[in-house]
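Notes for the one structure printed next.
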Amino acid sequence: MLLPQTLVALGALRLPEGTPWTWVACNALLYSALAFTLSPLVGAGAAAGITLVLYFAVGAAHNLWPGVVNAIPVSPYPGPGTHWSSALALAAVAVATHVRTRGSTAWAQRERAGD
């Protein structure tokens, strides 16, 4: 979950002065936390696929229905507002999921128990 935040911070260093970028960090945390939450439950590939589909679906929703911004906890472009509480809550859920599942799917845990 920290790699996307590191990339956002490094990219922000190259932005012109006064360019808003905190909404990108918030969204990066939200989407990476979603992938990390889903990966022990459905597998890494499926989690990445679900996150990518949701990323595009949210982008389409923001463009088709501008009023949906208040219902979806993802900041739209250019992102004057952020949803840090949602992003941090989902990050906490991701950590709790990994602690509970020890970072692996139920299938992998059954395979390991069978060895």
Notebook entry, point to check: (1) β-branched (Val, Ile, Thr); (2) open to solvent by 60 Å² or more (accessible area, probe 1.4 Å); (3) at pLDDT 85 or above: which one isn't true of residue 22, the others all being true?
Noted result: (3)
Check: Taking the range 40-56, which residues are part of a helix (DSSP H, G or I) and in contact (Cβ under 8 Å) with a residue 60 or more places away in the chain?
Finding: 40, 41, 42
Next item on the list: Under 6 Å between Cβ atoms, at least 6 apart or on separate chains: pull out the pairs that start in the range 90-101 with a residue that is open to solvent by 50 Å² or more (accessible area, probe 1.4 Å) and end on any residue that is of a type outside the set (Phe, Trp, Tyr).
Entry: 93/37
Note to self: I'd like the full set of residues that are within 20 Å of residue 110 (Cα to Cα) and open to solvent by 30 Å² or more (accessible area, probe 1.4 Å), limited to the range 28-63.
What the structure shows: 38, 41, 42, 44, 45, 46
Notebook entry, point to check: Scanning the range 57-97 for residues that are among the hydroxyl-bearing types (Ser, Thr, Tyr) and assigned to a helix (DSSP H, G or I), which turns out nearest to the chain's Cα centre (by Cα)?
Noted result: 86
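Against the definition (over 30 Å from residue 110 (Cα atoms), in a helix (DSSP H, G or I) and open to solvent by 40 Å² or more (accessible area, probe 1.4 Å)), how does residue 10 come out, yes or no?
Details: over 30 Å from residue 110 (Cα atoms): yes; in a helix (DSSP H, G or I): yes; open to solvent by 40 Å² or more (accessible area, probe 1.4 Å): yes.
Yes.
Considering only residues that are part of a helix (DSSP H, G or I) and in contact (Cβ under 8 Å) with a residue 60 or more places away in the chain, look in the range 13-26 and name the one that is farthest from residue 84 (Cα to Cα). Step through it out loud before you land on a result.
Going residue by residue through the range 13-26, those that are part of a helix (DSSP H, G or I) are 22-26.
Now restrict to residues that are in contact (Cβ under 8 Å) with a residue 60 or more places away in the chain: 22, 26.
On the way: 22: 10, 26: 6 Å.
Selected residue: 22.
The values are calculated or read from the model by the stated rules, or taken from the named source; none is laboratory data. None of these values were measured; they are calculated from a predicted model. Cβ coordinates were reconstructed from backbone atoms using ideal geometry, including for glycine residues, and neighbour counts include every protein chain displayed. Just the protein is used for accessible areas: all its heavy atoms, side chains included, with ligands, DNA and RNA removed. Shrake-Rupley method; radii C 1.70, N 1.55, O 1.52, S 1.80 Å.
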